[in-house]
Each structure stands twice: as structure tokens, then as C-alpha cells.
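Since every read-out is calculated from the coordinates, none of them should be taken as a lab result. Here the structure is a predicted model, which is why all the values come from computation and not from measurement. Please note: Cβ atoms are built from the backbone with ideal geometry, for glycine as well, and neighbour counts cover all protein chains shown.
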4 protein chains.
Amino acid sequence: MQQQRVRVGVYGASGYAGQDAVEILSQHPCVDLVFATSGTYAGDAVPFTNVRYIKPDDAPLESVDAVFLALPHGVSAQTAKKAEAHGVRVIDLSADLRLDTPELYQKWYNHPHPHPELLPTPYGLPELNRDALRGVERIAAPGCYPTTTLLGIYPLLRENWLVNDRPIIVDAKSGVSGAGREPKPNTHFVEVYGNFSPYGVGRAHRHVGEIEQEMQKINPNAGLLIFTPHLLPVDRGLMASIYVELAPGHTSAEVQALYEQTYANEPLVNVLPKGQLATLKHVVKTNKAAISITPNTDRYVHITSVTDNLRKGAAGQAVQCFNLMYGYDETTALL
Amino acid sequence: MQQQRVRVGVYGASGYAGQDAVEILSQHPCVDLVFATSGTYAGDAVPFTNVRYIKPDDAPLESVDAVFLALPHGVSAQTAKKAEAHGVRVIDLSADLRLDTPELYQKWYNHPHPHPELLPTPYGLPELNRDALRGVERIAAPGCYPTTTLLGIYPLLRENWLVNDRPIIVDAKSGVSGAGREPKPNTHFVEVYGNFSPYGVGRAHRHVGEIEQEMQKINPNAGLLIFTPHLLPVDRGLMASIYVELAPGHTSAEVQALYEQTYANEPLVNVLPKGQLATLKHVVKTNKAAISITPNTDRYVHITSVTDNLRKGAAGQAVQCFNLMYGYDETTALL
Amino acid sequence: MQQQRVRVGVYGASGYAGQDAVEILSQHPCVDLVFATSGTYAGDAVPFTNVRYIKPDDAPLESVDAVFLALPHGVSAQTAKKAEAHGVRVIDLSADLRLDTPELYQKWYNHPHPHPELLPTPYGLPELNRDALRGVERIAAPGCYPTTTLLGIYPLLRENWLVNDRPIIVDAKSGVSGAGREPKPNTHFVEVYGNFSPYGVGRAHRHVGEIEQEMQKINPNAGLLIFTPHLLPVDRGLMASIYVELAPGHTSAEVQALYEQTYANEPLVNVLPKGQLATLKHVVKTNKAAISITPNTDRYVHITSVTDNLRKGAAGQAVQCFNLMYGYDETTALL
Amino acid sequence: MQQQRVRVGVYGASGYAGQDAVEILSQHPCVDLVFATSGTYAGDAVPFTNVRYIKPDDAPLESVDAVFLALPHGVSAQTAKKAEAHGVRVIDLSADLRLDTPELYQKWYNHPHPHPELLPTPYGLPELNRDALRGVERIAAPGCYPTTTLLGIYPLLRENWLVNDRPIIVDAKSGVSGAGREPKPNTHFVEVYGNFSPYGVGRAHRHVGEIEQEMQKINPNAGLLIFTPHLLPVDRGLMASIYVELAPGHTSAEVQALYEQTYANEPLVNVLPKGQLATLKHVVKTNKAAISITPNTDRYVHITSVTDNLRKGAAGQAVQCFNLMYGYDETTALL
């Protein structure tokens, strides 16, 4: 089974996450890219391939085994449903399948879930729940902020080292590609250049729901999330700066070892040696996360977690999930 | 007359050139800003003022003496016409009044001129034709590429130092604000960041018509213009890199002195001393042009001319024209 | 006394803070700039003036009334001492006079204070201690991180609204000019471009000592400072992102009004209306701070405080102090 | 012979070109990287490898078959000589072996050539002289400006389509990594950010000598080179904007086909289809050049040629030469 070939389609392939998905898949030894859709660029050549973009409605679902959905939320669930009807497996990069219940979806996205029967779908963060992803038919690949935040906080939550009633503070910064390819006032070069700005503050960003849901699964005592995203004047890269308080019985000097042990066998998570600090350059254009640990006092620890928002924060992770789904080596096409 | 107060309106005041016009006018001691229009931001506060944007149709033309038009071409001529009907003077920053005949306008803008009776309008490049601007009712302020190019080539053309049948080569580079504030694919941060790209090549850019028209006025023997604009990954600033061949009887070593003499009394044109090279930092956020001269051989000279595309290349120059129109000191609010 | 003229010298005038000091002073109606020193650029013209840089040892202290010191720490105290011997007033932009005791200086700068007799010097943050600055002979102008952080936390500390034993978390981001003009590996364009990186983490940055000293003066119960600075790929601008917990009896919804009241009469601090978020563009190239307030829960508040690190974070504030020192209107040359 | 393994050392491996050389070689299936030298970073881990930087004097020349020299000029020739004494083959990325005579070297580098007996060395631009590179012991890999310029002008020169006595005008723009990794005032982030600046103008840049030498070899009637390099505020990428005049008998409409034919079988040169324009994004982080052709009039043609200055302009091309030297497929590790 290891070396079976898989016929793949990519929806939303001209968006930033879709482009990276196609680029990565073009290097996957067992993938045949059958189609790539784009509402805007249909007819144009798809970089890294010998196909051309087609309209989503023209996509031949009967000719593929699996699809990647790099689509807007709402649209994505509908396409997932259609794919399922054709017996096609789905890796969804949108938010549509990430929340476990229609109620949560309604709360964070302000409209009813288009296909509640698709929920819950396995959440595709392999370092946290790899076993739930092997061989499945459908995976919800997490967003860039959740991936980077959850990897940064996971060891402490899992081992229950944090004070229960304290919020987890995450000051996050994302490159502009995270805002998508459609031109908008806030992604105009002149507006972003030389600027740095918060947005979606006050627990209003939709990723808060997704992150808290997953934190609760790791540890039901997890504190509230205080989350402040910012727009960084770079094209790629995301940093989650995490501030937490340790429960009595643990000291910040022990955290480095805990992280090193937790991620010792993870090929796509790099815990930096003590004294080194994670920066965007550690991860941009790679499929890895990098994490550094800084004790501030005995009880207060600061964690810096970084990813390329389009790679480990989107397309790279989606391919990692795909590899688990089909039983390939998990890092195929990713290292 | 020198110190009369003038009531002013700015159309298109939320665009990049319009914003700079408002900022400069807010420091003008004789100007009362009465209104500022914006189709998109009506109701919002106008920076540097105590007024709010209004819709263009709500602009009280009866309450102003003069208007600045920072509008798209086509729309601008119509507003100029309306202003004229109210006896309001016009400084037009669009292309609508820059070409001298409806035929040229049709050729470069591919539609009939909305109000051919407005042509010709005095061309507002004070260093070339200051006397034609004093006290007039209507001025066409030149574009950023024409301003920077014409200032860079003017002394050689006027003195007839160039070989007649040789083209004038201009390799030009503009910051992104030159493309306007409306979000478009080519001004998306991610597309521009880390990139540098030509556009409007092959004598296709509309400014070619305007530049050649003005070059012909300076010297009917002026060569053809070979003009290649590029998009530069900065917010502001424009460079015209000019390559020309001198006619026999002149050598490149004499060009420095020619430029220094020509612009000796120009407060807004800075000819750099021999050996210094003009860069964007010389002019960004100022209302000046800077020019440097480089002999390559006896006959071949290279000139670097720079402006802030929103200042001397647009709003600053428009205010300079306004000052001439009303008899104020030409540099009022500009130094 | 109000309109007396003051003869001024600027040491370290070719560094970034020094350049901005000269630029601001060139617009000050009561200042005569007598000299500007530069070890590296002696002989070159000083922008915005008609003088040339001179070597620091050549500076005619006998010809000035006051000096601004934009010098490295260590050197600055020695120059301050020399100036004092000439009866010249001092506004020091370095760290040398900011800490109140030689012991604290030794702790944070790892060498003995060169002139402990100069300590304590009044700390030049006018919004906190304006009265201590009027008419004095010597002022220690605060650093960029302390200014931005202290303005952002001051109302809550002064009113004692915070839980006493909780740390104050500050995730800070600074433009590259904060690292000085001397070329170093970490300020090389290629290293910074496309990157974002923490540094001086773990309460190791020298500004921690300065900030905690001043927080203690505002409120002796102030919590520990957890401070993480980052290098932002822009030239100017600084953001302090502050996370605090309110004491029982206060709710986050009340904080907006508290800040508006506290800074109601401050011309150089702009508390943004509820719902607006402070960004670098609010302050770059201005002498103001801007602050926005975000409630996260009833008890947890997030404050975003921004300045131009070279203006309100350095040279602008130094001139504000100078104005108080000499009894000019506090905002002269700053608005 | 095709699959023999080669033991390789890289000198100057911590500079920007050296880093890219190591990265590319780490993916070469037949290369064993034995050592990488760095005067500054000796002891640090070398990215993409499992070795550490060593001092150049500690490099075990007896343990390698070939060395890449990414060293400053002057030093490089001495290291080449030493390598030769050990029977080690040399790919030199410096300027030391590019000029064919000691006289030319003296003229452009202002000091005698350290080892004139090494001249001439085959010039490593495979698309122009592939046959001269197969199996040789020593190759001088061209600089970034010469590579990009020569590829852009080669077809016209070789076919003798240009007017003989007209200069070839090249307005060139390079990303900052071209200036090297050593911190200098002109590569400080704050100096470059938001700026664009010419340098080395007036036929003074050292690459003029190298480009003219090679143009003469292609066509002894080649015109003079007028060359103006500029510093572009990006990390990587180089554009040569070339302006030429065709001789009678040829028209600009024919140039597209000439280039397509000339480079039809070149895997690392991409002639863009008519109407597309070459930009930095076509080539950054690839080992290819891209070229676009724009007719301006019948006689005047504009060519845009782009490379990644560290790849096809340095390290990528060096590996391409290495592949020819050892008989590997020319694009091994490069596509």
C-alpha cells in the first residue's frame, strides 16, 4: 500500500495556501495532480505543473481519489459534501470542518453550518493526534494561528503544569499572505508597508474558538485564551508569543527539557537549544515549526513558536495529513 | 492681493495624492479648507483637518474659490466643467487636461474627451513655464513620471545639446502609491514584496504622450521617448534614469554646469554637487526634485532625476501651481 | 523669559536620535544650533542646518547654553560632567542618568557609573512628572521602550487598579533605527528583511531596570515586569503590547474612560476612541504617543501603546523636556 | 565516470553566496561536503549539513577533490593557487580569475594580480561556452551583473544584429545580498529601507571590465557598455534592463524568435512568451535566468533579464560549472 499512486485535485489552487499545496504536491513521488481549480485564473498555467486552472464546477471529481480544499469557509463544506458523494477523500484547509459542533460554528461564523452531518471531522494536527488521522476519509487541517499556538503550549497543557485559573496570553503576528490573495484595503502594499497593527482583538478572532476547543481536549482545565493577532509587514511567517504561569511544583527551568522530550521524535517540530530564540527565518519556506523557551521567573515562562503560515500553518500540514491518510511516510515531500 | 484668503475644496481627497494635497494645504497660511470629498470614506474624519469627507455630489461648489481635483481621468474633466460653471478655479491632478488636443486624448485614453472645450489648459510645471500659470483660472498639474523626466531632461533640450535623431531613453521606477489606493492584484502587499517589475513597456504607458508633447514644446527636434516604467517595492518615491547622447560641440563634462545654471534659482529643484548621486531619500516627503549628472563618455550622459511621486510628482506641485495662480510666494507651504 | 533665545549644541548628532533632534530643533523658533558633533562624519554638512559636523573634542562648550547628548552610555555621563563644569544645561538621551543609583547602574550596565554624583537626575517623562522638570539644569530623557510602556500602564498604576502580585506582561516591537546607526550583523538589511525576531528576553534587556524603577515610583505595589522586545522589519516605530489583570472592584469596561481622563489635557498623548486600534502609522514621524484599550474579559485588559522610537521615544521627548527646562510652551517645535 | 562521488570543500561558506553554494551542494547526489570555512563563524553549525565552520587555514585540502571559493578578491587567487598545489580543482566565485590578463586585473582592481600564471581561466557561463568547461581543472564563475547582462544580450551580439558604433545601455538593479554579508553603512537596514539608489556609475563599476571583455569575445564589434547599477530594497534578485539599437536589415519584431531559438535547449534560461515581462519573482530562489523582449520601435529593442544574484548569478552557476567539470548532468541539484 505504501507506494500506491493517488490522483489528487486541488480546489482554490490560485490562493496563497493553494499555490503552496500545489508546489509541495508537485514534489510528492506518489501524487498525480489531476486538476487545480481557480475561479479567477481559469485557463492560466498552474506553476510547478503541466495543467491549467479550471473553474471549480468543471472539476472532474470522478477522476481523483482525494481533494485538497483551499476554499473560503461556507463554500468548502459544500465541496467536501460533493467530494464525499463521489467517494473522494477530503483534506479541508478551510475552517468549515474544524469546529466539532454546528453550535460552535454558528457562534464563530455567524451562519448555520452548511452540512452539520460532516461534524466532527478529525482535526489534522499530527503532533497532537496522529493516530486519529491514519486512513481516514476526511481531515480538517488547522489554521495557522491554532497550529502555531497549540504546538507552543501543548507540552505544558498535556502535563498539566499550568495554573488552572490563569489565562493563556498569546500575542501573535502574521505575515500578510495569511489574509488571502483577494485585494483588500488592509492588504494594499502602501497600507502595510512600514506599519504594524493589531486586529481581531478582544477574543473576537475566529481562531479563538478553534484554539480553545483544542486546548480543552488536551487539558479540560486549560485557562481562557487571551489572543491578540497583528499584521506583520512581511509576506510569510507567523509567530505566537505565549505567556503562561506554572503551577506550584514546577519551575520554569524544567520547561526546556519537557519540550525537548515531547518533541524529540517529531521531524517537523524543532525545539531550539537553550539560549537560541525562534525567528521567522527559522521556518519561512519550510514545513516545520520552531519553538524556543524563555524562563522569566521561576513561575513565569515565555514561549516563542513560529511557522510559515502557508506551510506548517496550512499547505505543508495538509500534505502531512494526506500522508497519514494514505499511509505514506509522514514527511514525504515535506523535508 | 498677496495675503487674500482662499476657500478651497479637494475632490478625491482620500486617495493618496488627495491625502497629501490636504496635508500640505492644512499648513498653508492663506487657505481655508471648506470640503474634501471621498466616494468611499464619506463621513470619516479627514486627517490634518477638522472636516469630514463628503460625497462628491454633496460638495458645495458655491462656497469655494478653487478646487483641487485628485480624481480618475474622465470624471475629472466633468468636475472641472462643473466648477467652471460656478466660477471656481481648478487645479486638476488627473490626466484630463494635460494633453493639448482631443485627438491626442482619444489616442492615449481610448475614449473621446468629455469636454474638449477645456483644452488646451496651461501645463503646470512651473520650472518650465511659470509665466503661463500666474493668475490663470485652470491648470493641468503634470503626472509624476512627466514631472521627473521633464525636469531631468529640460536643460539639454532647451539648449539643443542633444543629437536630434536619437531616442531619449528613460528607465523609470515608481513607488506603489503611484498606482492609487484602490486595492488591485498588482498592489497587494504579497505581490509587490520582494519583487521588482516592469509594466506599461513598449511606449504603451499613457505618460509617453504627455512627455513627448512637452518635449516637443521645449525643442521641436527632441528625439523619440523610449520609456520603461517599473514598480518599486517602496510606498513613495520615483526615479527617472535618463540616457542621452550629446550633439557634436558639447561634451558630457559641461552638463553639470548647465544644470546648475538652469536651476540656480529654483527653490524646488536640487542639482546635486558633482559626485553625489540622487536617491529616493533625497526627496521622499519633500516637495522637491533632486537631479544628479553622470558622464559616461564624452558624448553619453546619464541623468538621475528623483521626486516624491505624491509631492513634486502630484500634490506638492499642484499647490505650487495654486500659489502661482493666486500670486502667493511660490513655495508657500512647500518648504 | 518666555522668548529668550537659547544656544544649543547636539552631541552624537549623526546617529538616528541625534539626526531627529537636529531636525526638530531646526524648527524651534528660539533655538540657535551652534554645533553638532559626530565622530564618524566630522566635516560633512548637517542636514536641516547650515553647520558641519565637528569632532566631539572640538565642541565649543563655552558658546552654548544647553546640550543634547545622543551618545553611547558611559561616554554620555562624561560629557554631561564636562558640560556641567561649563555651566551648560544637559538633556541626556543616553541611559547614563536614568537610573537613580550607582548600584542600579552597575547592575544593569556591568560597569561602575562614571560620575555617580550626577545621580539622581530628574527623569524626563513630562506626562508623569512635568513639575520636576521645569527650570532644572539636567534631565535624563527616557528610552523608547520605557516611554511607550510607562505611558501605556501609567493610569492603571497610579490609580492602583491592578492586582498587586501579578506581573505586567509587555510584548514589545521596535523598528530597526532603535538599534543605532553603527553597522552590525543584526541590522544588516538582508538579516532583518522578511524576518521578525525576539532579543534581550528573560528580563535581560537593560530597559527592564529603568521601567521597573519608574513603575515603583508610580505605585510601590507594581508587579514584576515581564518584557520581551522584538526587532520589527521597519525603520521607525515602536509598539508595547501590554497585558494586565485588574484588581477586584474594577472592570475592564471602565479602563477606556480612565485613560481618556488621565490624558485629556496631554497634547502629545492620543487615547484612541473605543474600537480603534493603535498602529505604527498613527505616530511615525510625529512626536506623539497613541494608546488603545481592549477589554478581553472583565478582569483582563490589553493596552496597545505606540510611539515613533526616535521622536516621542527619544528626540521629540528630549525637546519636550528642553521646553520645560526653559519655560517655553511644552509643544514648541513638536506639533 | 558519471556517478563518481566528489569530495568538496567550500571556502567563504558563511557569506551569502557561500551559504547558497552549501545549500545547493547539500542536495547534490554525488557530492560529499568535507569542509566549509568561515573566518567569522568558525565553530558554528553549517546549515543544511552536519559539519561546522572551520577557519580557512584549518581546511584539509588533502581530503577534497574540488573547492568552491566564495572569497574576497585577492584572497581567492591565493587560495586557488594553494588548491592547485594539492591537485584540487577550483570553482572560483570571486573576480580573481575572470579577467583574462594581469593588465586588465590591475586596471579594474587597482593592485597587481596575486598569481598571473592562473590567467586566463575558462569563464564559467555555460550557455556561452559550455564546451570550454567540460573536464577542466579550474573555472572562473562570472559575477551576477555579467551573467544577467551577457545572457540578455548574447543572441543579438552573436548574430551581429546590433549597430556597431552604438553603446549598449544597461540600467541594472540588485538586491542587497549582492553587497555581501559584512555589515557596512550602505547595507544597514535603515539606510536601504524605502530607498533606491545608484552606485558605481559612470563606467566605474568593476563588472564593466568583465562584461566588455566577454562581449568582445562574442562579437569584436560590440559597442561600449554604459552600465548603471542600483541598490534595490529587497534581499535577493537582480535585473538588467538593456537598451539596444538594431542594425539595418533586422527589425525588433524578429528578436523574440531569435531569443527563443537561441535558448530553446537551455534548461536554465527561460525566454518568456511575447507579452509577458520578466520580474524578480520569476527567478528568486531558483537557478534560472528569465528574459523578456520588448520592441519599442522597429529599430530599438528593450530586453529585461533577471536572475537570483546568489543563484544563477553566483552559487547556482558555480554548481552548474562544477557539473560540467565532472561530467554530471548539467542541471544536477539545480532544478
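Counting only other chain Cβ atoms within 10 Å of each residue's Cβ, the peptide B:198-206 averages 4.
Would you work out if the range B:205-254 is rounded, prolate or oblate? Take a ≥ b ≥ c from the square roots of the eigenvalues of the alpha-carbon gyration tensor; rounded if a/c is under 1.5, else prolate when a/b is larger than b/c, oblate otherwise. Verdict is oblate for the range B:205-254. So, R0 is 41 Å and r is the distance between the beta-carbons of D:R5 and A:T40; what FRET efficiency does that work out to, to 0.05? Given R0 = 41 Å and the Cβ-Cβ separation, E is 0.30.
Write down the percent of antiparallel bridges among all DSSP beta bridges whose residues are both part of the range B:1-79, to the nearest 5.
So the antiparallel bridges in the range B:1-79 amount to around 10 percent.
Remark: the protein assembly as shown carries a charge dipole of roughly 0 debye about the Cα centre, counting +1 on each Lys and Arg Cβ and -1 on each Asp and Glu Cβ. If you model chain B as an ellipsoid using its alpha carbon gyration tensor, with each semi-axis the square root of five times an eigenvalue, the axes come out at 32, 21, 20 Å, biggest first. Note on the range B:213-243 and the range D:60-83: Cα centroid distance 47 Å, given to the nearest whole angstrom.
Where does the range A:145-309 land on the Kirkwood hydrodynamic radius, alpha-carbon pairs, in angstrom?
Result for the range A:145-309, one decimal place: 16.3 Å.
For the range A:110-182 and the range D:137-202, compute the distance between their C-alpha centroids and round to whole Å. One Cα centre to the other: 47 Å. Among chain D residues, the beta-carbon with the smallest distance to the axis carrying D onto C is reported, with distance in whole Å, as D:P183, 2. A point 7 Å from Cα along Cα→Cβ stands in for B:D131, and the other copies hold the same point at 6.7, 6.9, 9.3 nm, listed in rising order. Summarising the label geometry, the points placed 7 Å from Cα in the beta-carbon direction at B:Q276 and C:E137 lie 4.1 nm from one another. Each DSSP beta bridge with both residues in the protein assembly as shown is either parallel or antiparallel, and the antiparallel ones are about 50%.
For D:A45, the label point sits 7 Å beyond Cα toward Cβ; its separations from the matching points on the remaining copies run 3.9, 5.1, 5.2 nm, from shortest to longest.
Among D:T228, D:T40, D:T149, the largest mean-square fluctuation in a Gaussian network model of chain D, built with springs joining Cα atoms closer than 10 Å, belongs to D:T40. Take each residue in C:297-309, count the other chain C-beta atoms within 10 Å of its C-beta, and the mean is 2.
Build a GNM of chain C with springs between Cα atoms under 10 Å: which of C:G275, C:G18, C:G180 gets the top mean-square fluctuation? Top of the fluctuation ranking is C:G275.
According to the square roots a ≥ b ≥ c of the eigenvalues of the Cα gyration tensor, what is the shape class of the range B:79-127, taking rounded for a/c under 1.5, prolate for a/b larger than b/c otherwise, and oblate for the remainder?
Numbers: a/c = 2.23, a/b = 1.26, b/c = 1.78.
Oblate is the answer for the range B:79-127, as a/c is 1.5 or above yet b/c matches or exceeds a/b.
With a Förster radius of 51 Å applied to the beta-carbon distance between D:T101 and B:A204, the computed FRET efficiency rounds to 0.70.
With a 10 Å cut-off around each Cβ of D:276-284, the average count of Cβ atoms from other chains is 4. By the gyration tensor of its Cα atoms, with a ≥ b ≥ c the square roots of the eigenvalues, what is the shape of the range A:23-68: rounded for a/c under 1.5, prolate for a/b over b/c, or oblate? The shape class here is oblate. Across the protein assembly as shown, the convex hull enclosing all Cα atoms gives 189 Å³ per residue. For chain A, the antiparallel share of DSSP beta bridges with both residues in that region comes to about 45%.
Springs between Cα atoms under 10 Å define the GNM used for chain C, and in it the highest mean-square fluctuation of C:G194, C:G237, C:G223 occurs at C:G194. Label-to-label distances for C:A257 across copies, nearest first, come out at 5.2, 7.6, 8.2 nm, using points 7 Å from Cα in the beta-carbon direction.
The residues packed around B:T101, meaning those with a beta-carbon under 14 Å from its beta-carbon, carry a net charge of -4 if Lys and Arg are +1 and Asp and Glu are -1.
Measuring between alpha carbons in the structure, the pairs from A:K82/A:K312; B:K55/B:K173; B:K184/D:K274; D:K184/D:K312; A:K81/A:K107 lying more than 30 angstrom apart are B:K55/B:K173. Modelled label positions at A:Q261 and B:A253, each set 7 Å beyond Cα in the direction of Cβ, lie 8.0 nm from each other.
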